[in-house]
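Starting off with a structure, shown below.
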Amino acid sequence: YMQVKEQHKDHILFFRLGDFYEMFFDDALLVSKELELTLTGRDCGLPERAPMCGVPYHSCDAYIARLIKKGYKVAICEQMEDPKSAKGLVKRDVIRVITPGTLIETNMLEEGVNNFIASIYLEGESYGVAVADISTGEIHLTQFEDPQDETIKNEISRFAPSEIVFNTAFLSKNHIASFIKERLSCCAECLDDSAYAVEEAKARVLSHFGEETLQNLSLEEKPLAVCAAGGLLSYLYDTQKTGVERLSTIDLYSETQYMRLDITARRNLELTETMRSKEKRGSLLWVIDKTKTAMGKRLLRQYLEQPLVNPAHIDKRLNAVEELFENPILRDDVIDQLSGIYDLERLMTKIVFGNATPRELKSLEMTTRRLPALKECLCGVNSRYLQEIYR
């Protein structure tokens, strides 16, 4: 236990003992207070019994969710061999570190909201930004050349990440750090600069996405974005151990693609939540959200939070709306098929991580049965936009 804890000093260590995850010493004192668990003790060769508390492994999600919500990070230490065949102490190791920005458990996530983790790389006065949601497998990259500090604040608030990692140079931006802590209330951590080292970050990005050159990823002129992505991947590899391959495609975007809305404007417009109660009910999203799937809810929220400015792209989206509006039979067929589709993005993530439940696998089976019928519905549409959404 002490060997594993030494490697995870900043995490609450859930140490598997039989049918329980146990916590010891300072972790036990902290968790027993935060979760109101009974504090006991265990003989461990010291003059005094070691403080101890625990939770059943089969119902640990609810306890972990409460700790994550309070801003803590939890390291899951599992038995790596069968206790019946092990000689001496059963080998154990940390299989995953759960943090606010790396949640994939559906019961810890709001289905219609992305759970983003952001990585910020500062070099001089220029920034590279990488934002990912590992529960859905999406990653977005951009780069800012000598931006105003307000631009970075607005960009971060647009994604509203639950966790942010950054390089040491970013620590000099005290007012942005204060903004992140006070206005966004997200977990923030400074990574070692080795995670953002240029050559290592480049190699990490190329290896992860299976490409030989940055040109194949359209990143040859975005070195700061590459460093931000490399730092984020390094952090995810360290905490998740497996499943990071779920991030398979890059969305490289420019700040000029979307309308600039600062956090004050977003709050006053009540796009996704009301000013007073901070609830969806009463917001613009609440009024127009008639979506049938969790994926649709997240997509509609992204549309509201990222208004387009390019007339061609706006027309493309409006043409798709018009086609469905003017064809009620097609629209009703699509609605009917969508009503039976589960959250494919997050189901696939659970499968990649290897912890999908039988119920989730059954949901995936039911969804895949409906996809051919949905595809048939969309075969006759003229809008490429609708076809792209389906793909």
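Say each of PHE25 and ILE335 gets a label point 7 Å from the Cα, pointing the same way as Cα to Cβ; how far apart are those two points in nm?
Calculated label separation equals 6.0 nm.
In units of 2.2 N^0.38 Å, what is the alpha-carbon radius of gyration of segment 189-256?
Segment 189-256 yields a ratio of 1.08.
Okay, moving on. Considering amide H positions built from the backbone, and no H for Pro or chain starts, which residues 5 or more places from GLY41, or on another chain, come under 5 Å of its amide H?
MET52
How much solvent-accessible surface does ASP238 expose, in Å² to the nearest 10, with a 1.4 Å probe and all protein chains in place?
100
Based on the Cβ-Cβ distance from TRP286 to MET80, what FRET efficiency comes out when R0 is 41 Å, to the nearest 0.05?
0.30
Would you rank ARG183, ARG359 by solvent-accessible area, highest first, keeping every protein chain in place and using a 1.4 Å probe?
ARG359, ARG183
Quick one: helix 60-69 against the long Cα principal axis of the chain, what's the angle to the nearest 10°, folded into 0 to 90?
70
When only the heavy atoms of the protein chains count and the probe is 1.4 Å, how do PHE14, PHE353 rank by accessible area, highest first?
PHE353, PHE14
Then there is this: Within segment 53-84, what residues put their amide N at less than 12 Å from the label point 7 Å along the Cα-to-Cβ vector of LYS33?
The answer is none, because no backbone nitrogen lies closer than 12 Å to the label point.
Moving on. Reachable aspartates and glutamates from LYS69, Cα under 14 Å, same-chain residues fewer than 8 places away excluded?
GLU34, ASP61, GLU105, GLU110, GLU163
Next question, about the same structure. In square angstrom, rounded to the nearest 10, how much accessible surface does CYS379 have for a 1.4 Å probe?
100
Quick one: angle between helix 328-338 and the longest Cα principal axis of the chain, in degrees between 0 and 90, rounded to 10, please.
That works out to roughly 10 degrees.
Just read off the accessible area of HIS140 with the full protein assembly in place, 1.4 Å probe, to the nearest 10 Å².
20
Rank ILE134, ILE12, ILE329 by mean-square fluctuation in a GNM of the chain with C-alpha springs under 10 angstrom and give only the top-ranked residue.
ILE329
While we're here: For segment 264-391, what are Rg and Dmax over the alpha carbons, in angstrom?
For segment 264-391, the Cα radius of gyration and maximum Cα-Cα distance read 16.9, 46 Å.
Quick check on segment 1-65: what does the Kirkwood estimate of hydrodynamic radius come out to from the alpha carbon pairs, in Å?
12.1
Output the pairs from LYS70/LYS202; LYS70/LYS153; LYS70/LYS280; LYS5/LYS153; LYS202/LYS292 with a Cα-Cα distance over 30 Å in this structure; if there are none, say none.
As for pairs spanning more than 30 Å Cα to Cα, those are LYS70/LYS202; LYS5/LYS153; LYS202/LYS292.
If you don't mind, there's one more thing I want to ask. Between their Cα atoms, which of LYS73/LYS241; LYS33/LYS241; LYS290/LYS375 are more than 23 Å away from each other?
LYS33/LYS241
Round to the nearest 10 and give me the degree value, 0 to 90, for the angle of helix 223-240's Cα axis relative to the longest principal axis of the chain.
40
So if I place +1 on the C-beta of Lys and Arg and -1 on the C-beta of Asp and Glu, and nothing else carries charge, what would the dipole magnitude of segment 239-351 be about its Cα centre? I want it in debye, nearest 20.
With only Lys, Arg, Asp and Glu charged at Cβ, the dipole is about 620 debye.
Rank these by accessible area, largest first, 1.4 Å probe: LYS91, LYS84.
Sorted descending by solvent-accessible area, the residues read LYS84, LYS91.
Now for a different question. Considering only THR249, ALA265, VAL287, whose Cα is most displaced toward the positive end of the charge dipole of segment 216-295, charges sitting on Cβ of Lys, Arg (+1) and Asp, Glu (-1)?
So the residue we want is VAL287.
Quick check for you: which residues of segment 14-37 have the amide N under 15 Å from the point 7 Å beyond the Cα of SER59 toward its beta carbon?
19-21, 36-37
The values are calculated or read from the model by the stated rules, or taken from the named source; none is laboratory data. Here the structure is a predicted model, which means the values were calculated and not measured. Cβ coordinates were reconstructed from backbone atoms using ideal geometry, including for glycine residues, and neighbour counts include every protein chain displayed. Areas reflect the complete protein model, heavy atoms only, side chains present, ligands, DNA and RNA absent. Shrake-Rupley method; radii C 1.70, N 1.55, O 1.52, S 1.80 Å.
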